[in-house]
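Let me begin by presenting the structure, written as structure tokens, before commenting on it.
Every number here is computed from the coordinates shown, using simple stated rules; none is lab data. No experiment lies behind these values; they were computed from the predicted model shown. In this analysis, Cβ positions are derived from the backbone assuming ideal geometry, glycine residues included, and neighbour counts consider all displayed protein chains.
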Amino acid sequence: MFFERIPDKEYPKEPESRVIIRFQDCDPLQHLNNAKYFDYYFNAREDQVAKLYEFNFGRLFRELGQSWVVYQHQIAYVRPAMVSEWVRITSRLIFFNEDTIVTEYFMTDDSRTQLKNVLWVTSKYIDVRSGQRVVHPPTVMDYLAATCLSDVDFHHWNFNERIREIKRSLTSHKTE
């Protein structure tokens, strides 16, 4: 089974990973290459859901022949992540319906006081054999319901305003 929900278990909604920016992923200015942000985010999310939710993407693919494919990105490069810098990556599911998910990612410095980057990824759920969009089966819907932030009104969120909100939350975190 790729996911089995445990009744009455509260699943973390905002997992975080601590990673170091690798030299090989940086440009000549020692900034993380823009395209590499995606690798850092997707690798962090894959590790987070495997560890925290015991969700197995490989088994989902093998057992159901289904998976998500990226449909759209929205990304903001706020401050550069620098070579050899330790950063924190937070990922969270902020929306889902019968065949779509939206995952929000953001990167901060190690102390969680400076925002580096924000990414929204919209993914569609497909049958990998046909390439056609399909609805999430009940077990996948159960996983999404267990791990999605519940107080998000995604359709009324504005990406740029969301960046300001994250910055404000980091500032308030710094003063606490």
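Measuring from a point 7 Å past the Cα of residue 5 along Cα-to-C-beta, which residues in the stretch 138-153 have an amide N at less than 14 Å?
138-150
Residues of the stretch 107-132 with the amide nitrogen closer than 13 Å to a label point 7 Å from the Cα of residue 76, along Cα-to-Cβ, please.
Label zone hits: 107, 115-120.
In whole angstrom, note down how far apart the Cα centers of the stretch 116-176 and the stretch 1-71 are.
Here the answer is 13 Å between Cα centres.
Taking K and R as +1 and D and E as -1, what net charge do the other residues with C-beta under 12 Å from the C-beta of residue 18 add up to?
Around residue 18, the charge tally is -3.
Please give me the summed charge of the neighbours of residue 125: other residues whose Cβ is under 15 Å from its Cβ, Lys and Arg +1, Asp and Glu -1.
After counting each charged neighbour, the total is -2.
Angle, helix 138-147 long axis vs. longest principal axis of the chain, Cα atoms, 0 to 90°, nearest 10?
Its long axis makes an angle of about 30 degrees.
Ignoring the sites themselves, what is the longest stretch of the chain with no trypsin sites (Lys or Arg not before Pro) in a DSSP loop and at most 10 other beta-carbon atoms within 10 Å?
10-128
Putting +1 on Lys and Arg Cβ atoms and -1 on Asp and Glu Cβ atoms, find which of 32, 83, 111 reaches farthest to the positive end of the dipole of the stretch 17-120.
The Cα lying farthest towards the positive end belongs to 111.
If each residue of separation counts as 0.36 nm, what is the full-extension length gain between residue 99 and residue 52 once their alpha-carbon separation is subtracted?
Extra length available between residue 99 and residue 52 comes to 14.6 nm.
How far, in degrees from 0 to 90, does helix 36-53 lean away from the longest principal axis of the Cα atoms of the chain, to the nearest 10?
Helix 36-53 sits roughly 50 degrees off the main axis of the chain.
What's the magnitude of the charge dipole for the stretch 27-176 around its Cα centre, counting Lys and Arg as +1 and Asp and Glu as -1 at the beta-carbon? Answer in Debye, nearest 20.
That gives a dipole near 260 debye.
Amide H to amide H, which residues 5 or more places from residue 99 or on other chains are under 5 Å from it, using H placed in the peptide plane?
Hits under the 5 Å cutoff: 136.
Tabulate in residue order the Karplus-calculated ³J(HN,Hα) for the stretch 93-109, using 6.51 cos²θ - 1.76 cosθ + 1.60 with θ = phi - 60°, rounded to whole Hz; enter x for Gly and Pro.
3J(HN,Hα) across the stretch 93-109, in whole Hz: 7, 10, 6, 8, 9, 5, 8, 9, 10, 10, 10, 9, 10, 8, 10, 10, 5.
Taking only DSSP H segments of four or more residues, each worth -39500 (n - 2.57), what value at 222 nm results for the chain once the sum is divided by all its residues, to the nearest 500 deg cm²/dmol?
-9500 deg cm²/dmol
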